[in-house]
1. Among (1) at pLDDT below 95; (2) in a loop (DSSP other than H, G, I, E, B); (3) not small (G, A, S), there is one condition L87 misses while meeting the rest; what is its number?
2. Looking at A117, A157 in this structure, which one is buried (at least 20 other Cβ atoms within 10 Å of the Cβ) and either more than 15 Å from the chain's Cα centre (by Cα) or closer than 25 Å to D12 by Cα (or both)?
3. Does segment 115-151 hold any residues that are touching an Asp or Glu at 6+ places or on another chain (Cβ under 8 Å) and more than 17 Å from S176 (Cα to Cα), and which are they?
4. Of everything in segment 166-219, what is surrounded by fewer than 16 Cβ atoms within 10 Å (Cβ to Cβ), of a type outside the set (A, V, I, L, M) and more than 18 Å from R233 (Cα to Cα)? Give them in sequence order.
5. So which residues in segment 233-248 are among the aliphatic types (A, V, I, L, M) and surrounded by 23 or more Cβ atoms within 10 Å (Cβ to Cβ), if there are any at all?
6. Considering (1) within 25 Å of L248 (Cβ to Cβ); (2) assigned to a helix (DSSP H, G or I); (3) not hydroxyl-bearing (S, T, Y), say which one A93 fails and leave the rest.
7. Residues to consider are L38, L18; find the one that is at pLDDT 95 or above, under 17 Å from the mean Cα position of the chain (by Cα) and buried (at least 17 other Cβ atoms within 10 Å of the Cβ).
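The values are calculated or read from the model by the stated rules, or taken from the named source; none is laboratory data. What you see is a predicted model; the values in this text were computed from it and never measured. No Cβ is skipped: glycine too gets one built from the backbone with ideal geometry, and neighbour counts run over all protein chains shown.
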Amino acid sequence: MNSAAGVAAFRDRGLLRLPAAADPAGLAAARAAVFDILSRAGLWTEGEGWTLAGADRPRWPALGKAPAAFKDRRLAAVLETLVPADLIAGLEALAGARMGTAGGLSRPQLLWTLPNASAWSLPAILWHTDVPRAPQAGCPGVQVFTFLSPVGPGAGATLVAAGSHRLLNDQGELRSKAIKARLRALPPFARLMDPVHPDRPAAPGPLGETDGVPIEVVELTGAPGDLWLMDMRALHTAAPNASPAPRLMMTWRFLREG
């Protein structure tokens with residue numbers, strides 16, 4: 001992660017994939033805790049897999065109700081062990097600023113999407129940022145994503161507009177709604193966020209270039225233990241889950257300190 005190539009890739013795209021980078025003991029503990037909750041909720045049976053017959057099937061953009069125990073602070077403490085301490089220490093080199101876990105956004109949380117679509121489609125809606133653009137330049141935070149079960153293409157993985165973090169950094173403080181409106185005025189994002197655009201893409205991939213910045217929609221797929229790191233300026237969204245299994249991911253936000 002701390003290689004010159006890794007730092008350059010993260011700063012260029014706002015994304016960095018780290019295969020099998022989660023702490024192995026933390027991954028085992030987190031999976032045991034989460035699947036125990038799912039078993040007690042009747043959604044998982046050891047040896048049989050997912051048992052979703054009794055669960056209400058939501059319709060996109062509804063994600064479906066998650067077990068209440070997913071919000072237990074004791075589970076958050078277990079999820080923290082997924083991310084190695086040396087990776088957390090290395091976030092400063094990626095972002096060019098000290099990163100910490102103070103604040104309400106900074107507790108690990110599970111991301112849960114039940115099967116909610118018969119066919120996958122690239123969303124035009126719900127694109128957003130989780131933090132405003134601040135007047136000071138630079139990365140406001142790094143968001144870590146990892147997987148508790150495999151998440152393949154079309155299975156509800158978070159979508160990120162890679163490169164979008166490099167835009168609008170000279171326009172003072174902007175909140176998510178204003179960021180989205182200004183980006184939508186640019187050709188690549190018009191293609192993405194206008195549902196009737198004549199050149200709208202049907203799948204993740206390159207959208208085009210604006211102000212010399214290539215923009216690409218990336219689907220954060222992976223296996224248990226894989227990690228993705230995202231600059232929190234990047235535009236991103238939830239996606240439909242057209243697979244037969246729930247999407248089960250963990251995210252943890254590290255925010256700029258000073």
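1. Every condition holds for L87 apart from (2).
2. The unique qualifying residue is A157.
3. T146, F147
4. P187, D194, P195, H197, P198, D199, R200, P201, G205, P206
5. Answer for segment 233-248, where residues must be among the aliphatic types (A, V, I, L, M) and surrounded by 23 or more Cβ atoms within 10 Å (Cβ to Cβ): L235, A239, L248.
6. (1)
7. Being at pLDDT 95 or above, under 17 Å from the mean Cα position of the chain (by Cα) and buried (at least 17 other Cβ atoms within 10 Å of the Cβ) holds for just one of L38, L18, which is L18.
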